[in-house]
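Only one structure is covered here, and it is reproduced in the block below.
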Amino acid sequence: MNHSGRHTERGAQTEHAQHAEHARPTEHAQPTEHAEHAEHATALPGGLQVSQDGYTIELKTPRIKAGEEAPLRFVITDDRGKAVTDYTTVHDKDLHLILASRDLNTFRHVHPALGPEGNWSIPVELPAAGDYRVLADFTPAGQGAKALTLGADLAVSGSYEPHDLPAQKPTAEVDGYTVTLDGELTPGTMSELRLSVARDGKPVRDLEPYLGAYGHLVALRSGDLAYLHVHPEGEPGDGTTEPGPEISFMAAAPSHGTYRLFLDFKHAGVVRTAAFTVQTSAHAQ
Ligand SMILES: [Cu+2]
């Protein structure tokens, strides 16, 4: 019998261990034989809470109208209720803002401007009415400060027509580009997701750096819009990372379920978003 399959399992466990290091337990993890699993069980995914670790997101504009451009304004406050004005720059920005409709049919990844007294603002136009989540991904300034993703509800008024989540497909089309997804999203284990960009059937080999990477991937869980941290593998100028056609990421799903993946990539001066519906793989943990 051939036992070579075990070697790949060992590799997966090593990646799992690395992930456990930066998992953030929110409860006292009981020491058990499976300490790593216990951590995963108690670490809450990002984006589900309006307040965490003393920081709170306060939407100043909790309601906007569908189809009309309007400023979206908010502040992040600290544990004394004071607006946070100092942030740590991550991927070229002090704060990354995700807007997603609850049905995951509308998605925006934008970068608001920080005004005086910690007031964040950005003009937005959302095409469809409904309930949205606003997810702010940021790291407060200061030693030892951790990355946080806070989430708040945004109501977009207008005539509301909920849509089903698009079906799972290995390819996504956007503006004449075809993006192909390879790899699996696995609960509790970091695994590789490879996205390959083609235009008119030809692989794109001259992707442009966008926010310090050739692509940015955001994954949201269908049902509650939990936000997954996804790490790009390699960056422009590191001597090994090619500017396409393939962009590689490491991600772990917090649970079994269905997720929507949004890839932002830049080519010919324009940032585009390709979206995929992904079911977690059936591998038992
Ligand atoms: Cu961003």
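A few points about this structure:
- Identity of the residue in region 114-133, touching a Phe, Trp or Tyr at 6+ places or on another chain (Cβ under 7 Å) and within 16 Å of the ligand (Cβ to nearest atom), that ends up farthest from Leu165 (Cα to Cα): Leu114
- Flag for Thr178 being hydroxyl-bearing (Ser, Thr, Tyr), at pLDDT 95 or above and not assigned by TED's automatic domain parsing to the domain that holds Ser101: yes
- Of the strands (runs of 3 or more DSSP E) entirely within region 146-230, those holding at least 1 residues that are closer than 26 Å to Lys60 by Cα occupy 148-157, 216-221.
- Flag for Ser159 being more than 18 Å from Ala275 (Cβ to Cβ), polar (S, T, N, Q) and surrounded by fewer than 14 Cβ atoms within 10 Å (Cβ to Cβ): yes
- Restricting Phe249, Phe262 to those that are closer than 12 Å to Val174 by Cα and in contact with a strand residue (DSSP E or B) (Cβ under 7 Å, 6 or more places away or on another chain) reduces the list to Phe262.
- Residue in region 258-267 that is in a loop (DSSP other than H, G, I, E, B) and more than 17 Å from Thr180 (Cβ to Cβ) present: no
- Only residues that are modelled with pLDDT under 95 and within 16 Å of the ligand (Cβ to nearest atom) were counted across region 252-263, and they come to 0.
- Pick from region 78-113, criterion more than 16 Å from the ligand (Cβ to nearest atom) and touching a residue at least 40 places away in the same chain (Cβ under 8 Å), ranking: surrounded by the fewest Cβ atoms within 10 Å (Cβ to Cβ): Asp86
- Meets criteria (more than 30 Å from Lys65 (Cβ to Cβ), modelled with pLDDT of 95 or more, within 16 Å of the ligand (Cβ to nearest atom) and of a type in the set (S, T, N, Q)) for Thr139: yes
- Of all residues in region 162-190 being surrounded by 14 or more Cβ atoms within 10 Å (Cβ to Cβ) and polar (S, T, N, Q), the one that is farthest from Val271 (Cα to Cα): Thr189
- Residues that are of a type outside the set (Lys, Arg) and within 13 Å of the ligand (Cβ to nearest atom) do occur in region 142-156, at least one of them.
The values are calculated or read from the model by the stated rules, or taken from the named source; none is laboratory data. Owing to the predicted nature of the structure, the values given are computational and were not obtained by experimental measurement. All Cβ positions, even for glycine, are placed from backbone atoms using ideal geometry, and neighbour counts span all protein chains on display.
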